[in-house]
1. Looking only at residues in the stretch 169-189 that are in contact with a strand residue (DSSP E or B) (Cβ under 6 Å, 6 or more places away or on another chain) and part of a loop (DSSP other than H, G, I, E, B), which one is surrounded by the fewest Cβ atoms within 10 Å (Cβ to Cβ)?
2. Would you be able to tell me the number of residues in the stretch 139-154 that are part of a helix (DSSP H, G or I) and modelled with pLDDT under 95?
3. For the condition out of contact with any strand residue (DSSP E or B) (no Cβ under 7 Å at 6 or more places or on another chain), modelled with pLDDT of 95 or more and farther than 20 Å from residue 137 by Cα, what is the one hit in 68, 103?
4. So, of the residues in the stretch 199-224 that are more than 16 Å from residue 128 (Cα to Cα) and buried (at least 16 other Cβ atoms within 10 Å of the Cβ), which turns out to be modelled with the lowest pLDDT?
5. Does at least one position in the stretch 198-209 carry a residue that is assigned to a loop (DSSP other than H, G, I, E, B) and out of contact with any strand residue (DSSP E or B) (no Cβ under 8 Å at 6 or more places or on another chain)?
6. If I go through the stretch 120-138 residue by residue, how many of them are touching a strand residue (DSSP E or B) at 6+ places or on another chain (Cβ under 6 Å) and outside any loop (DSSP other than H, G, I, E, B)?
């Protein structure tokens, strides 16, 4: 196996420990030959320098874009995928700065899950925090990370989104391509999570901090909302987490619809900063405790 790891490097100024952890975990758990293909547009110079010093990182000079959000992310991933395929990799996996492997031999285990029929492996629900696929799938079917307007408005796409409950984000196009071709994929289920449901391990292989590089709130905002409100949201999430899995996911999806409101985003930011501090203080202890608390 020759593995191409694709990462769009957008890093907040105070998240250098997360970048270091991401790189260290890849190095310590990956036994097969690999190259990290990274885009660095809009990355701070000190972080770019760090990537340039890493022997397994290949910085790809992607053309700049005015796109933002999922459109920007997908734009860079398309470029990185082509670069990796042109270099002759046999397998490709997308990761985020806030996602990384936690078990030795993770790439081989994911490779065992894919075939001509089961064409990629991903975390549940489909997410580019880990999207693993073989070279042959990409060359034969030419999937895209996002969908065109025509695809989105098609009856097939509506059926696909209804069946798999996928939202419009980078990676949705890979699932749609598999769906329309009568193929399948393997989903890594959540095997461990923290009490706030922000940090999770999937299939015992991949760790992901939900939104670590997107959620950013000034500390002054925290004082704008009642502590009782924050406590109520925290208590509601905790209560939901005790419910049977299908019901839990349904209620969490409804709760997450309110993320656009500032009070809820403040709550998420507060909880996320707490979990990140714990992770940065002792990563291995945090990951071990996370797994043990869910067994």
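1. Out of the qualifying residues, it is 183.
2. Result for the stretch 139-154: 4.
3. Sole residue among the options that is out of contact with any strand residue (DSSP E or B) (no Cβ under 7 Å at 6 or more places or on another chain), modelled with pLDDT of 95 or more and farther than 20 Å from residue 137 by Cα: 103.
4. Per the stated criteria, the residue is 217.
5. no
6. Number satisfying all stated conditions: 10.
Condition check ((1) outside any helix (DSSP H, G or I); (2) in contact with a helix residue (DSSP H, G or I) (Cβ under 7 Å, 6 or more places away or on another chain)) across all residues:
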{"residue": "21", "(1), (2)": "no, yes"}
{"residue": "27", "(1), (2)": "no, no"}
{"residue": "32", "(1), (2)": "yes, yes"}
{"residue": "47", "(1), (2)": "no, yes"}
{"residue": "59", "(1), (2)": "yes, yes"}
{"residue": "79", "(1), (2)": "no, no"}
{"residue": "97", "(1), (2)": "yes, yes"}
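The values are calculated or read from the model by the stated rules, or taken from the named source; none is laboratory data. Here the structure is a predicted model, which means the values were calculated and not measured. Every residue, glycine as well, gets a Cβ built from its backbone with ideal geometry; the counts of neighbours run over all protein chains shown.
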